[in-house]
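The structure appears below as structure tokens.
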Amino acid sequence: MKDTGTRAKIREQGKAELEPILDDVELYGSIAAIADQDGGKAIIKALTDDVANTLDQLAYQYETASFEQLVTRCAKLRANLTLLLTFKRAGKNRDDARKVIKETLGEIE
């Protein structure tokens, strides 16, 4: 979702360094919108379950698993955690980025 009003203020005040932050606000807003929908909630649940299952495998099979299996499970865990945290933190990241923009533009409420 484009915020043309804020983008115009950024340009008026010559604060071009805020444009990438505004891009982040828009991106995080889109991700948060997905996370709040039924499909997004299903994705979050599936990722959470997958992370728990992978942790279980690492905890209980590390003695018998091969090095390659352990590395594969760790890589899978990292990828799923990264994706899960992207969804879970999107709303907070959006709000934090908005706050930075408002503070810099002098719009503290």
Discussion item. Suppose we keep only residues that are in contact with a helix residue (DSSP H, G or I) (Cβ under 9 Å, 6 or more places away or on another chain) and acidic (Asp, Glu) within the range 24-50. Which one would you say is farthest from Val100 (Cα to Cα)?
Written reply: Asp50
Worksheet item: Under 6 Å by Cβ, and 6 or more places apart or on different chains, what pairs join a residue from the range 33-56 that is within 20 Å of Asn93 (Cβ to Cβ) and modelled with pLDDT under 95 with one that is part of a helix (DSSP H, G or I) and of a type in the set (Phe, Trp, Tyr)?
Response: none
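Residues in the range 17-28 that are of a type outside the set (A, V, I, L, M) and under 10 Å from the mean Cα position of the chain (by Cα): how many? Even if it seems obvious, please write down each step before you answer.
Here is the first cut: in the range 17-28, the residues of a type outside the set (A, V, I, L, M) are 17, 19-20, 23-24, 26, 28.
Applying the additional criterion that residues be under 10 Å from the mean Cα position of the chain (by Cα) yields 28.
Counting residues in the range 17-28 that are of a type outside the set (A, V, I, L, M) and under 10 Å from the mean Cα position of the chain (by Cα) gives 1.
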Worksheet item: Which residues, taken from the range 51-109, are β-branched (Val, Ile, Thr) and outside any helix (DSSP H, G or I)?
Response: Thr64, Ile108
Worksheet entry | Of residues in the range 50-67 being under 19 Å from Thr82 (Cβ atoms) and polar (S, T, N, Q), the one surrounded by the fewest Cβ atoms within 10 Å (Cβ to Cβ) | Asn53
Worksheet entry | Candidate set from the range 68-98 (those that are surrounded by 14 or more Cβ atoms within 10 Å (Cβ to Cβ) and of a type in the set (Lys, Arg)); member that is modelled with the lowest pLDDT | Arg98
Worksheet item: Does Leu27 count as of a type outside the set (Ser, Thr, Tyr) and closer than 17 Å to Leu85 by Cβ?
Response: yes
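The values are calculated or read from the model by the stated rules, or taken from the named source; none is laboratory data. Just so it is clear, the model here is predicted, and its values are computed rather than measured. No Cβ is skipped: glycine too gets one built from the backbone with ideal geometry, and neighbour counts run over all protein chains shown.
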